[in-house]
1. Tell me which GluC sites (Glu not before Pro) from the stretch 63-97 have a DSSP coil assignment and no more than 13 other beta carbons within 10 Å of their own.
2. Could you list Cys97, Cys75 in order of exposure, starting from the residue whose Cβ has the fewest other Cβ atoms within 10 Å?
3. If you put +1 on each Lys and Arg Cβ and -1 on each Asp and Glu Cβ, how big is the dipole of the chain around its Cα centre, in Debye rounded to 20?
4. Based on the mean of other beta carbon atoms within 10 Å per residue, what is the order of 99-106, 66-73, most packed first?
5. Which peptide among 17-25, 111-119 comes first, and what is the full order, when sorted by highest mean count of other Cβ atoms within 10 Å?
6. Per DSSP H run of n ≥ 4, the term is -39500 (n - 2.57); total these for the chain, divide by its residue number, and report the mean residue ellipticity at 222 nm rounded to 500 deg cm²/dmol.
7. Evaluate the distance, in nm, between pseudo-label points positioned 7 Å from the Cα of Ser79 and of Lys52 along their respective Cα→Cβ axes.
8. Given axes a ≥ b ≥ c from the Cα gyration tensor, I'd like to know whether the stretch 37-87 is rounded (a/c under 1.5), prolate (a/b larger than b/c) or oblate.
Amino acid sequence: MIGLDTSAIIDIFRGDEKIKQFLENNKEPLAATIMSYLELFFGLDPKNPKHKEEGSYYGELFKTAYNLGLTKDACEEASKIFWSLKREGKSIEQFDCVIAAIFITNGINKILTRNSRHFDKIKGLEVLSY
């Protein structure tokens, strides 16, 4: 199974040709996290009509996608990732730590992202770019 980072979900919505090509050739099931859903909606102004349309798309996508929630184990793993990287001087955003932790604690060791530098420092996670 491959986990979708928020950037990948946005690029699917936008019809990015590179991710379309990746998905057409992919045989593995895909998963998303509720943290990506939150991150997506933080970027949408509910009063903007274009953003309402985009929000509707994400709402439908998350109804049908394999969707992983936030658990205590994932919270603890996210903290471990955050502090390990911070000690190495390689900090990443906390949302990215949580997204990675959700996948890792669910046995998913691959993540598809446009922003490989956000995840390539995390041990146990293979970063797939497009």
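1. Hits after loop and neighbour filter: Glu88, Glu93.
2. With the fewest neighbours first, Cys97, Cys75 line up as Cys75, Cys97.
3. Working: 18 positive and 19 negative charges, 45 e Å.
It works out to roughly 220 debye.
4. The packing order, highest mean first, is 99-106, 66-73.
5. Descending mean neighbour count gives 111-119, 17-25.
6. So the calculated ellipticity at 222 nm is -17000 deg cm²/dmol.
7. Label-label distance for Ser79 and Lys52, simple model: 4.2 nm.
8. On the way: a/c = 4.20, a/b = 1.95, b/c = 2.16.
Oblate, since a/c reaches 1.5 and b/c is not below a/b.
Every number in this text was worked out from the coordinates using simple rules, so none of it is lab data. This structure is a prediction, so every number in the text was calculated from the model and none was measured. Note that each Cβ is placed from the backbone with ideal geometry, even for glycine, and that neighbours are counted across all protein chains shown.
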